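These notes are about the structure you will find just below.
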Amino acid sequence: MYSFSFYFVIFVITWAISTVFAIAGVGAANTLIPIYYSMGIPFPIAAATGLLLNVFSLSTATVNNARRGRVLWKLGTVFLIPAVIMAPIGAYVGIHTPRKVLLWVFAAFLVYTLYSLVKGRVKEESASRFYGSIRGYMLGVLVGAIAGFLGGLLGVGGGLIILPVLALIERDAKKVSATAGYVALFSSASGFTSYLFLLRGIDYRLWVVVLIGGVLGGFCGSYLMNRMRTLYVKYAIVSIITLVLAKILVDLV
């Protein structure tokens, strides 16, 4: 159990970063987890917290996207089934993996995240070599399994891993984003459920504080989305992730 001031700082950080990331339509868990860890929260608890935050934020997004007909249920399920199967395995490995190894893996994932943000999202009607093909679905099964494992291991859901591969199969960028969120939702739920059974001494107050901060951040981000230039927010996100990555590398070296 932590002090009131600690919970308050966690709440403010979660609220602020979730707001910034929500404006740009990017999940904040992959950046919040190393921040939580640097504040003294054990890595498995931080990873489970990130997965819980993903479940709540992605649930709302998936419902909204489903109402607009943007979720490709059949294609997403191809990614979803192996992701859900592998997420508990990733969670189990994460609990029994040395801290330094996890931090190196997380640093590599943050580098990939930076690359994805700087490169930008798929164009709306880009050509697709894999569209509607068996090869594309086989690729989906493989990538879904990898995303589920890493999502359970690191607490990140795996959406950023799935997104570029979906872009090779589907042309519509909005459907790509919505379907990736649908897969990441259930992958996160699978990984989080596994952590519930594997972890001991969970501080549920911490999860409540994080959820409140994340939900408020999502609402604030949605409100500000149409009032700010997304490009500036993107620069801020890149800066935040770069600082977090630098902090992890300093601790490792």
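The values are calculated or read from the model by the stated rules, or taken from the named source; none is laboratory data. Computed from a predicted model, the values in this text were never measured in an experiment. Glycine gets a Cβ as well: all are built from the backbone with ideal geometry, and neighbour counts include every protein chain shown.
All of S188, S194 fail the test of being in contact with a Leu (Cβ under 7 Å, 6 or more places away or on another chain), under 24 Å from V101 (Cβ atoms) and assigned to a helix (DSSP H, G or I), apart from S188. When residues in region 171-206 are screened for being at pLDDT 90 or above and surrounded by fewer than 16 Cβ atoms within 10 Å (Cβ to Cβ), 1 of them pass. Among all positions in region 149-157, there is no residue which is among the aliphatic types (A, V, I, L, M), at pLDDT 75 or above and more than 28 Å from P44 (Cβ to Cβ).
Among the residues of this structure, L142 counts as one that is at pLDDT 85 or above and in contact with a Pro (Cβ under 9 Å, 6 or more places away or on another chain). If the requirement is being modelled with pLDDT of 85 or more and in contact with a Pro (Cβ under 9 Å, 6 or more places away or on another chain), which of these qualifies: A87, A48, A83, A91? Only one candidate qualifies: A91. Here M86 meets the list (1) surrounded by fewer than 24 Cβ atoms within 10 Å (Cβ to Cβ); (2) in a helix (DSSP H, G or I) almost entirely, failing just condition (1).
Scanning region 197-222 for residues that are among the basic types (K, R) and part of a helix (DSSP H, G or I) returns a single hit, R205. Please work out which residue is modelled with the lowest pLDDT, limiting yourself to region 53-70 and to residues that are among the aliphatic types (A, V, I, L, M) and buried (at least 24 other Cβ atoms within 10 Å of the Cβ). Selected residue: L58. If I filter region 200-218 for residues that are acidic (D, E) and over 24 Å from T113 (Cβ atoms), do I get at least one hit? Among the residues of region 200-218, at least one is acidic (D, E) and over 24 Å from T113 (Cβ atoms), which makes the answer yes. Hey, any hits in region 1-10 for a residue that's under 20 Å from L166 (Cβ atoms), at pLDDT 85 or above, surrounded by fewer than 15 Cβ atoms within 10 Å (Cβ to Cβ) and of a type outside the set (F, W, Y)? The answer is no, given that none of the residues of region 1-10 is under 20 Å from L166 (Cβ atoms), at pLDDT 85 or above, surrounded by fewer than 15 Cβ atoms within 10 Å (Cβ to Cβ) and of a type outside the set (F, W, Y).
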